Amino acid sequence: DSEIATVLRVKGLLEFRCQLDSTDEQLVRNVISRTFETLRSQVKSESCVLAVSDSPVIIWPNKDAYATPEEITPSTLCEDMHQWIQADEQESSGKKSSKKKSKKSSMSVINLCLMTEVTKPGPLSAPILTKTVLKSHFVNVTLPLDCVVCTGRSNTIKDACEQLIEALTHQLCEMEKVTLQNMKGMTLLVPEPVHFLLPEPKGLVTVVYPVGVPDSQLVAQRKELHEQFELPDDRPYFRRANAYHFPNEPYKDGYLRNPHLALTHPTLDNGKVYLVQGIYSYHHYMQDRVDDNGWGCAYRSLQTICSWFQQQGYVERPVPTHKEIQQALVDVGDKQASFVGSRQWIGSIEVQAVLGHLLGLTSKILFVSQGAELASKGRELANHFLTEGTPVMIGGGVLAHTILGVAWSETTGQIRYLILDPHYTGAEDLQVITDKGWCGWKGPDFWDQTAYYNLCLPQRPKVI
């Protein structure tokens, strides 16, 4: 949203310490609540400090937003804090960000660290130690606070401090609720905040979940959240896999996400663009130390599809390896045992079978007797991306590709296909991938006009 200038994200660890000497459940609950109340007071106290990451800026939010260095005053605009932040060396010179800065990084985030000032100015008195020997049941838990506040263009640091302290206090209330709800005897589960980016105009929302409780046991909580935010009840929004990935957080697995966002859309007369919904990883030849150059393109397209279902929260299992894909086809009776470990290629029908067997998904197959006919499939493909929004695998001859969207004009029938090409063998370099067309828009002449093609259109399960 153009109104949101900067997102402030505060992270920090707070020590939750209390003594539980009673076995009376109500007394224990009261002690836990009092401990949370103490933590809320700590956050509202003058010793609470916010340090801006990668910068010399330190703010005392409860001392009228006093800050150092002295050039920063309570009336400084939030977005002016960017100039104090040192850009990561690699990021400023790295290849990845040199391409047109597109929608991908439209959210500018300032990270802050929640700290507590433990020393006071002035002379220090000598410490006095006393030792008391007692048998007690102590609980010591580290709470991972993680709050997000969206600030507008006119918001000052003083405004932001008020919002942040309110958000931290609210998060501690939510943590208290989750801790008390999930108590088992004297065992406490750590509450953990998770951020989700909901469809506009709702934006960023934070939910506190108990660590160690799987998504399958949190269905009731998710149903409540869907009702609260008036979201459809046929797709996941609040599973942990749906957690929002902030622009400045690298993915640890090394795969590129959504390279198509760096592209500009083609312009067609009365044309509309229909795209994959959500996040996928780009899987292609030679990754994962597997040399599948010349035979693995459909496997890679299938892996891209599996990554979409995993990252949308539909399935929890990791993306299958070539061997697991081959074993699945043996298990369903499609191939002989000797197929496992071979270098034989697969097609759309096999992709459909593997998605069904490993992920429990259904897929539609669209059959095209010759490539020239693909130009007439605009309506079907547009409808698929509008309703299902999943990546499509297309196989023809000995080649497989992933279709991520179409630009299609209902009046002229003109069509362009957004293709993710699994035949790429290079490094995860976004600029090369988009400049050289490994991810790019293609016209109808991209297809072999005389070969027949099968398209596998995976369907979303209706779950939350």
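The values are calculated or read from the model by the stated rules, or taken from the named source; none is laboratory data. Because the structure is a prediction, the values reported are computed rather than measured. Backbone-built Cβ (ideal geometry, glycine too); neighbour counts: all protein chains shown. When the accessible area is computed, the model is the full protein with side chains, heavy atoms only, and any ligands, DNA or RNA have been set aside. Shrake-Rupley method; radii C 1.70, N 1.55, O 1.52, S 1.80 Å.
Considering only 137, 207, 245, the residue lying farthest towards the positive end of the dipole of the stretch 124-270 is 137, judged by Cα position with unit charges set on Cβ.
The count of lysine pairs in the stretch 317-464 that are at least 8 places apart or cross chains, and whose C-alpha atoms lie under 16 Å apart, stands at 4. Looking at the square roots a ≥ b ≥ c of the eigenvalues of the Cα gyration tensor of the stretch 234-293, which shape do they give, rounded for a/c under 1.5, prolate if a/b is larger than b/c, or oblate? Judged from the Cα gyration tensor, the stretch 234-293 comes out oblate (a/c at least 1.5, b/c at or above a/b).
Relative to the longest principal axis of the Cα atoms of the chain, the long axis of helix 322-331 makes an angle of roughly 70 degrees. Ordered by solvent-accessible area of protein heavy atoms (1.4 Å probe), largest first, the residues 462, 202 come out as 462, 202. Restriction of the trypsin sites (Lys or Arg not before Pro) in the stretch 228-322 to DSSP coil positions whose beta-carbon has at most 11 other beta-carbons within 10 angstrom yields 252.
Packing-based ranking of 375-382, 397-404 yields 397-404, 375-382, ordered from highest to lowest mean Cβ neighbour count within 10 Å. Which aspartates and glutamates does residue 63 reach when only Cα atoms under 14 Å apart count, and residues fewer than 8 places away in its own chain are ignored? Within the straight-line limit of under 14 Å, residue 63 reaches these aspartates and glutamates: 46, 117, 159, 162. Solvent exposure of the chain amounts to 52 Å² per residue of accessible area, where only protein heavy atoms count and the probe is 1.4 Å. For the stretch 259-458, relative contact order (Cα pairs under 8 Å, six or more residues apart, normalised by length) works out to 31 percent. For the chain, the longest principal axis of the C-alpha atoms and the axis of helix 378-387 are separated by about 20°. Here the stretch 363-390 and the stretch 259-314 have alpha carbon centers that stand 16 Å from each other.
Taking every Cα-Cα distance in the stretch 259-458 and sorting them into 10 Å bins from zero, the calculated P(r) comes out as 9, 37, 38, 14, 2, 0 percent. Over the chain, DSSP H runs of length four or greater, each weighted -39,500 (n - 2.57), average out per residue to a 222 nm ellipticity of -7500 deg cm²/dmol.
Only sites in a loop by DSSP and with at most 13 other Cβ atoms within 10 Å count here; which trypsin sites (Lys or Arg not before Pro) in the stretch 416-461 make the cut?
436
The aspartates and glutamates within cross-link reach of residue 135, meaning a Cα-to-Cα straight distance under 19 Å and a gap of 8 or more places when in the same chain, are 21, 24.
For the set 11/158; 11/177; 11/202; 11/252; 177/223, every pair lies no more than 24 angstrom apart at their alpha carbons. By its C-alpha gyration tensor, with a ≥ b ≥ c as the square roots of the eigenvalues, how is the chain shaped: rounded for a/c under 1.5, else prolate for a/b larger than b/c, else oblate? Verdict is prolate for the chain. Pairs of Cα atoms nearer than 8 Å and 6+ residues apart set the relative contact order; for the chain it is 16 percent. A probe of 1.4 angstrom, applied to the heavy atoms of all protein chains, finds residue 118 with accessible area near 130 square angstrom.
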